[in-house]
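**Q** Okay, here's the structure, questions in a sec.
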Amino acid sequence: MKNKLVVVTGGAGFIGSHIAEALVEENEVIVIDNLYSGKIENIPQGAKFIEADIRDYSSIAEIIREADYVFHEAAQISVEESVRDPIFTDEVNVIGTLNILKALSEGSGKIIFASSAAVYGENKNLPLKEDYLPKPISPYGVSKLAGEHYVRVFYELYGVPGVILRYFNVYGPRQSSAYAGVISIFMKNALKNEPLVIFGDGKQTRDFIYVKDVVQANLLVAEKERANGKIFNVATGKETSILELALKIIDLTSSSSQILFAPERPGDIKRSVADINEIRKLGFEPSYSLEEGLKETLEWFKKWKYF
Ligand SMILES: NC(=O)c1ccc[n+]([C@@H]2O[C@H](COP(=O)([O-])OP(=O)(O)OC[C@H]3O[C@@H](n4cnc5c(N)ncnc54)[C@H](O)[C@@H]3O)[C@@H](O)[C@H]2O)c1
């Protein structure tokens with residue numbers, strides 16, 4: 001992608017800042033973010049920053065109308081917060097997405113929507129395929145599913161080109177907010193030689209994907225017209241248990257941290273792994289192994305001023 005006007009909502013956050021960084025050299029990149037969980041220092045040099053809330057149509061519509069591509073990452077991302085406050089989550093994740101789609105329907109750009117494996121809920125029929133009936137088990141999952149339907153309906157009804165990406169467990173540098181994923185929490189604790197706490201027996205599994213591979217998936221579907229109106233899992237297709245992950249991180253950081261086991265958390269799913277054949281058909285292949293991704297992530301955590 002070159003010489004395009006690209007908007008990244010949530011570009012001050014973890015994944016959005018990596019998308020903005022990958023595009024900023026050859027395109028005009030505009031970040032829209034209200035800094036709810038994002039940080040201004042995450043925004044790459046050269047990107048223009050508009051501090052705005054996606055719930056407020058009038059403050060974002062003009063710029064979205066002009067865009068060639070909108071990578072829509074802004075969201076209330078915490079499942080726990082969505083259980084506490086489903087209405088706030090709906091306003092950000094559903095009305096926010098609808099505002100972007102409405103503005104796009106008055107322009108000519110394409111949306112690449114960050115959805116989540118949370119839409120599948122507790123489906124034991126693994127690996128998870130895009131055409132399985134979604135049955136989210138949290139307001140967060142419901143809000144992402146509603147966003148997916150709006151993206152599809154705006155494509156079918158108003159011709160707004162859009163692609164839905166269902167991210168699995170993304171990790172990497174800059175994932176550091178209060179709701180950060182298990183890898184960043186384990187890494188921080190391992191570097192401080194503090195215990196790594198596992199909820200349950202540690203046999204629960206996740207499909208971890210490195211953030212740079214998620215960026216590649218975004219860029220790929222953005223430029224593929226045949227991806228429009230479709231849903232793709234963004235994952236590696238590999239299952240890793242939380243205990244295995246904790247041991248890998250302790251080993252990698254040469255930490256003296258202990259592993260502690262706490263009671264299972266209600267609502268935690270047991271196993272999660274994606275079928276990635278659909279996105280493979282477009283030419284996607286994750287290029288980072290878990291070990292390689294963890295090493296790069298560790299380099300960033302070592303330099304991070306928190307330590
Ligand atoms: N990290 C993962 O493992 C994962 C997995 C599945 C899906 N996702 C999705 O990917 C996207 C990016 O997630 P992330 O991990 O980078 O989270 P993040 O919290 O780092 O990024 C979200 C960004 O959105 C911004 N934001 C929140 N509410 C906003 C609002 N009302 N208006 C404008 N900006 C707002 C935040 O300030 C933040 O910068 C989200 O849509 C999330 O649901 C992430």
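**Q** Restricted to the stretch 67-125, and to residues that are more than 11 Å from the ligand (Cβ to nearest atom) and among the small types (Gly, Ala, Ser), which residue is surrounded by the most Cβ atoms within 10 Å (Cβ to Cβ)?
**A** My answer is Ala67.
**Q** Condition check: aliphatic (A, V, I, L, M), touching a helix residue (DSSP H, G or I) at 6+ places or on another chain (Cβ under 9 Å) and at pLDDT 95 or above. Does Leu282 satisfy that?
**A** Criteria met by Leu282.
**Q** Which condition number does Pro286 fail, the rest of (1) within 20 Å of Gln175 (Cβ to Cβ); (2) assigned to a helix (DSSP H, G or I); (3) not polar (S, T, N, Q) being met?
**A** The number of the failed condition is (2).
**Q** Here's another thing I want to ask about it. Criterion first (out of contact with any Pro (no Cβ under 9 Å at 6 or more places or on another chain), open to solvent by 10 Å² or more (accessible area, probe 1.4 Å), over 30 Å from Pro266 (Cα atoms) and touching a residue at least 24 places away in the same chain (Cβ under 8 Å)) does Ile40 satisfy it?
**A** Taking the combined requirement at face value, the residue satisfies it.
**Q** Out of the residues in the stretch 12-59 that are among the small types (Gly, Ala, Ser) and more than 7 Å from the ligand (Cβ to nearest atom), which is nearest to the chain's Cα centre (by Cα)?
**A** Ser17
**Q** Does the stretch 182-205 contain at least one residue that is under 30 Å from Gly159 (Cα atoms), in a loop (DSSP other than H, G, I, E, B) and among the small types (Gly, Ala, Ser)?
**A** no
**Q** Can Ser287 be described as within 30 Å of Lys110 (Cβ to Cβ), of a type in the set (Gly, Ala, Ser) and surrounded by fewer than 16 Cβ atoms within 10 Å (Cβ to Cβ)?
**A** Yes; evaluated as a whole, the condition is true for this residue.
**Q** Taking the options Ser105, Ser143, Ser58, Ser138, name whichever one is out of contact with any strand residue (DSSP E or B) (no Cβ under 7 Å at 6 or more places or on another chain) and closer than 19 Å to Ala222 by Cβ.
**A** Ser105
The values are calculated or read from the model by the stated rules, or taken from the named source; none is laboratory data. Just so you know, these numbers come straight off a predicted model, no measurement behind them. So basically every Cβ, Gly included, is an ideal-geometry build from the backbone, and we count neighbours across all protein chains shown. Protein only, heavy atoms only, side chains kept; ligands, DNA and RNA dropped before computing areas. Shrake-Rupley method; radii C 1.70, N 1.55, O 1.52, S 1.80 Å.
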